[in-house]
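Participant: Below is one structure. I have some questions about it.
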Amino acid sequence: MTNQMDAFFAALSDPTRRAVIERLVAGPAPVGELHAPHDIALPTFLKHIKVLESAGLIRREIRWRTHYCHLDPAPLASAYEWLGFYARFWNERL
């Protein structure tokens, strides 16, 4: 579980990757659409996508020549549960 959590928090430590996650909450999107608002080269952006995939936060589906990204909420649920312990801890002490 620790390695999964490390990958999760490392993936979310970057504002570009957080923006991708925020966009995917609305639904799947092609990589080109996800890349458009960011002022970085496509190869650099694709590295961000790979980090999110490695952390299990997104999955990619290929339709013809277009790559679509989908949010996978399972790691988010695990992190929420893990953070819930600390929320209870601090709520009891404040």
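The values are calculated or read from the model by the stated rules, or taken from the named source; none is laboratory data. Quick caveat, the model's predicted, so the values are computed rather than measured. With ideal geometry, Cβ positions are generated from the backbone for all residues, glycine too; neighbour counts draw on all protein chains shown. Note: accessible area is taken over every heavy atom of the protein model, side chains too, but ligands, DNA and RNA are not part of it. Shrake-Rupley method; radii C 1.70, N 1.55, O 1.52, S 1.80 Å.
Participant: Which of the residues spanning the range 1-22 are open to solvent by less than 80 Å² (accessible area, probe 1.4 Å), β-branched (V, I, T) and closer than 17 Å to S78 by Cβ?
Facilitator: I21
Participant: Tally the residues that are assigned to a helix (DSSP H, G or I) and surrounded by 14 or more Cβ atoms within 10 Å (Cβ to Cβ), restricting the search to the range 23-33.
Facilitator: Number satisfying all stated conditions: 3.
Participant: Report the residue count in the range 34-76 for those that are part of a helix (DSSP H, G or I), of a type outside the set (F, W, Y), open to solvent by less than 90 Å² (accessible area, probe 1.4 Å) and under 15 Å from A11 (Cα atoms).
Facilitator: Matching residues across the range 34-76 total 10.
Participant: Does the range 77-92 contain at least one residue that is open to solvent by 50 Å² or more (accessible area, probe 1.4 Å) and touching a Pro at 6+ places or on another chain (Cβ under 7 Å)?
Facilitator: Within the range 77-92, none of the residues are open to solvent by 50 Å² or more (accessible area, probe 1.4 Å) and touching a Pro at 6+ places or on another chain (Cβ under 7 Å).
Participant: Could I ask something else about it? So which pairs qualify, if the first residue must be in the range 1-22 and part of a helix (DSSP H, G or I), the second must be modelled with pLDDT of 90 or more and open to solvent by 80 Å² or more (accessible area, probe 1.4 Å), the Cβ gap must be under 8 Å, and the two must be at least 6 apart or on different chains?
Facilitator: The qualifying pairs are A7/S54; A11/S54; A19/P37.
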